[in-house]
Amino acid sequence: MPEPNRSPWRVAPDLTGFPVRDSITASLSVRLVCEGCRHEARWSPEDLGRRFAKTPDTTFNRIGSRLRCSRCRSDWVMISRA
């Protein structure tokens, strides 16, 4: 487990406040890394469009607090550009 004095999820500074819709429009893929087990996933613009079809104006900050690693279920997840 990383530093205990911060929130478990983190968003890269260049994605802070960035809406999902803008990343789809810019053909931007997103990389998610578990800081617990180092599992890594990538969401393509198509994946983002499918996952957030009903809420495209959601920002990555709002998504971060809800993410869990698909391997170990940890909430220590980092979101950044792929």
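Per-structure values
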{"item": "Region 67-82, subset over 9 Å from the mean Cα position of the chain (by Cα) and within 15 Å of P8 (Cα to Cα), residue surrounded by the fewest Cβ atoms within 10 Å (Cβ to Cβ)", "result": "R73"}
{"item": "Filter result for E46 (touching a Cys at 6+ places or on another chain (Cβ under 8 Å) and of a type in the set (D, E))", "result": "no"}
{"item": "Residue tally, condition closer than 13 Å to I63 by Cβ and in contact (Cβ under 8 Å) with a residue 40 or more places away in the chain, over region 13-30", "result": "7"}
{"item": "Candidates R38, R10, R42, filtered to the one that is in contact (Cβ under 8 Å) with a residue 24 or more places away in the chain and exposed (fewer than 13 other Cβ atoms within 10 Å of the Cβ)", "result": "R42"}
{"item": "Test: S27 is among the polar types (S, T, N, Q), under 12 Å from the mean Cα position of the chain (by Cα) and surrounded by fewer than 16 Cβ atoms within 10 Å (Cβ to Cβ)", "result": "no"}
{"item": "Odd one out for G17 among (1) modelled with pLDDT under 95; (2) in contact with a helix residue (DSSP H, G or I) (Cβ under 8 Å, 6 or more places away or on another chain); (3) surrounded by 14 or more Cβ atoms within 10 Å (Cβ to Cβ)", "result": "(3)"}
{"item": "Residue list for region 20-46, restricted to those being over 11 Å from A82 (Cβ atoms), modelled with pLDDT of 95 or more and among the acidic types (D, E)", "result": "D22, E46"}
{"item": "Hey, T59 out of contact with any strand residue (DSSP E or B) (no Cβ under 9 Å at 6 or more places or on another chain) and at pLDDT 95 or above or not", "result": "no"}
{"item": "Entirely in the chain, the strands (runs of 3 or more DSSP E) that have 2 or more residues that are of a type in the set (D, E)", "result": "none"}
{"item": "Long-range neighbours under 6 Å by Cβ, at least six apart or interchain, first residue free of Cβ contacts under 8 Å to residues at least 24 places away in the same chain within region 61-82, second part of a loop (DSSP other than H, G, I, E, B) and surrounded by 13 or more Cβ atoms within 10 Å (Cβ to Cβ)", "result": "R68/D75"}
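The values are calculated or read from the model by the stated rules, or taken from the named source; none is laboratory data. Just so it is clear, the model here is predicted, and its values are computed rather than measured. Glycine gets a Cβ as well: all are built from the backbone with ideal geometry, and neighbour counts include every protein chain shown.
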